[in-house]
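Structure, as structure tokens:
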Amino acid sequence: MWWMRKLAINWRLQRRCRSSVPDQNRLGIIGVPFAKGQTKQGVELAPDLLRQNKLRQVLQSSDERLRITDYGNLQYAVDERLLQQQRQHYHHIHNYADFMACNLALIGQVQLMLRENAQFLAIGGDHAIGFGSVAGHLQHTPNLSLVWIDAHADINLHSTSQSGNIHGMPVSFLLPQLRATWQHAALDRIAPNCLPKDQLVYIGLRDIDPYEAFILNKFGIRYYAMDAIDRVGVPKIIEMTLDALSPLNKIHVSFDIDALDSNVAPSTGTAVRGGLTLREGISIVEALRDTKRVQGMDLVEINPKLGSERDVRTTVDSGLEILKSMFGYRRSGARYYSNLDTGILGREQ
């Protein structure tokens, strides 16, 4: 009968659609041990250091339903085309060819992880990896909002950076308004989907270069620096952030550990005093998590070669607290009890 054939076709289509959507509890992790976005070596050690400090177990304990796949550490190779771009156009900034090779590989890796998982976590390395992580996310999910939690805006151009360190530039690769300033980078080919400027929000800024301030104000990009957080408080900042983001969009959270005050995250290359407390950082990621729209996250700039053994331990612990709060841990108590004997109280009367 025709209606039986139609039911069978619909059933096959529904099954195919269900099979193409990743399990909502699947999380993919990629380590990106990239240290050439700045001059202080050590950040390349962070992905494996976090693993050694039981990253997987911490995340698993935060939500027993998580199904975690660790894809290891990203590999990349620099080709002659990128070296030629560096020599001809970007020789005045440091390590452009390595930066672009790493991020090209990361763009592809993020798309792979999102085909196989509902969420992904990229562990740096320095914040230069933010370009590839967000650009890959945009290729998979064009309707995307970005929350950049950082002491720094990371929106310098190759022509405005005083240091030449490319970890201070990744956001400038993502916005359509700034693409012309990278005209030789072939961005329209390698990362064709741009981030709308009204879907970018910064939280925690307190060290903004003059040209960065000019760019932020010229394009009306929302940013909540520490003075605003002190003035109105974290709950209001969270409210304004969520009001600014499209409710239909998925969210990418890029968290630089230097957003936290150096008392709780001392082992990082560009620490700035007067940052977020750990409780404030946790509150922000909890609120973003509770939207149920966070699809990707970066954690960057932990540097175990800086500071004492105690400093490193403090910084790693802070990073793990941020991650476990993002991926399920609730300070109000767990909501899922599948591993518990719920009959200990006896039968309900």
Item to complete: Please find, among Gly307, Gly281, Gly343, Gly274, the residue that is more than 30 Å from Pro33 (Cβ to Cβ) and either small (Gly, Ala, Ser) or at pLDDT 95 or above (or both).
Response: Gly343
Fill in: Hits in segment 84-98 (condition: under 27 Å from the mean Cα position of the chain (by Cα) and either of a type in the set (Ser, Thr, Tyr) or surrounded by fewer than 16 Cβ atoms within 10 Å (Cβ to Cβ) (or both))
Tyr90, Tyr96
Practice prompt. Could you tell me which of the residues Ile257, Ile237, Ile302, Ile229 is more than 30 Å from Gln24 (Cα to Cα), β-branched (Val, Ile, Thr) and either crowded, with 20+ Cβ neighbours inside 10 Å or touching a Phe, Trp or Tyr at 6+ places or on another chain (Cβ under 9 Å) (or both)?
Written response: Ile229
Worksheet item: Inside segment 198-236, can you point out the residues that are free of Cβ contacts under 8 Å to residues at least 40 places away in the same chain, hydrophobic (A, V, I, L, M, F, W, C) and closer than 14 Å to Gly274 by Cβ?
Response: Ala225, Ala228
Item to complete: Would you please name the residue that is surrounded by the fewest Cβ atoms within 10 Å (Cβ to Cβ), looking only at residues in segment 173-199 that are within 25 Å of Ile284 (Cβ to Cβ) and in contact with a Phe, Trp or Tyr (Cβ under 7 Å, 6 or more places away or on another chain)?
Response: Lys197
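State which residue is farthest from Ala151 (Cα to Cα) when the search covers only segment 200-226 and only residues that are surrounded by 16 or more Cβ atoms within 10 Å (Cβ to Cβ) and of a type in the set (D, E, K, R). Working first, answer last.
From segment 200-226, those surrounded by 16 or more Cβ atoms within 10 Å (Cβ to Cβ) are 200-209, 211-212, 215-216, 221-226; that's our starting set.
Right, trim to of a type in the set (D, E, K, R) and you get 206-207, 209, 212, 222.
Working: Arg206: 5, Asp207: 6, Asp209: 11, Glu212: 13, Arg222: 15 Å.
Among those that are surrounded by 16 or more Cβ atoms within 10 Å (Cβ to Cβ) and of a type in the set (D, E, K, R), it is Arg222.
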Worksheet item: Would a scan of segment 138-150 turn up a residue that is over 15 Å from the mean Cα position of the chain (by Cα) and among the β-branched types (Val, Ile, Thr)?
Response: no
Worksheet item: Can you find even one residue in segment 47-55 that is closer than 21 Å to Gly168 by Cα and buried (at least 18 other Cβ atoms within 10 Å of the Cβ)?
Response: yes
Worksheet item: Taking the stated definitions as given, is Gln109 touching a helix residue (DSSP H, G or I) at 6+ places or on another chain (Cβ under 8 Å), surrounded by fewer than 20 Cβ atoms within 10 Å (Cβ to Cβ) and either part of a helix (DSSP H, G or I) or not charged (D, E, K, R) (or both)?
Response: no
Worksheet, complete the sentence: Log entry, pairs with first residue in segment 261-274 being of a type in the set (Gly, Ala, Ser) and surrounded by fewer than 19 Cβ atoms within 10 Å (Cβ to Cβ), second being at pLDDT 95 or above and not in a loop (DSSP other than H, G, I, E, B), beta carbons closer than 7 Å, six or more apart or on different chains, reads Gly274/Met226
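Which residues, counting only those in segment 159-170, are in a helix (DSSP H, G or I) and in contact with a Gly (Cβ under 7 Å, 6 or more places away or on another chain)?
Initial filter on segment 159-170 (in a helix (DSSP H, G or I)): 166-168, 170.
The answer is Ile166, His167, Pro170.
The values are calculated or read from the model by the stated rules, or taken from the named source; none is laboratory data. It should be emphasised that the depicted structure is a prediction, and the values quoted were computed from it without experimental measurement. Backbone-built Cβ (ideal geometry, glycine too); neighbour counts: all protein chains shown.
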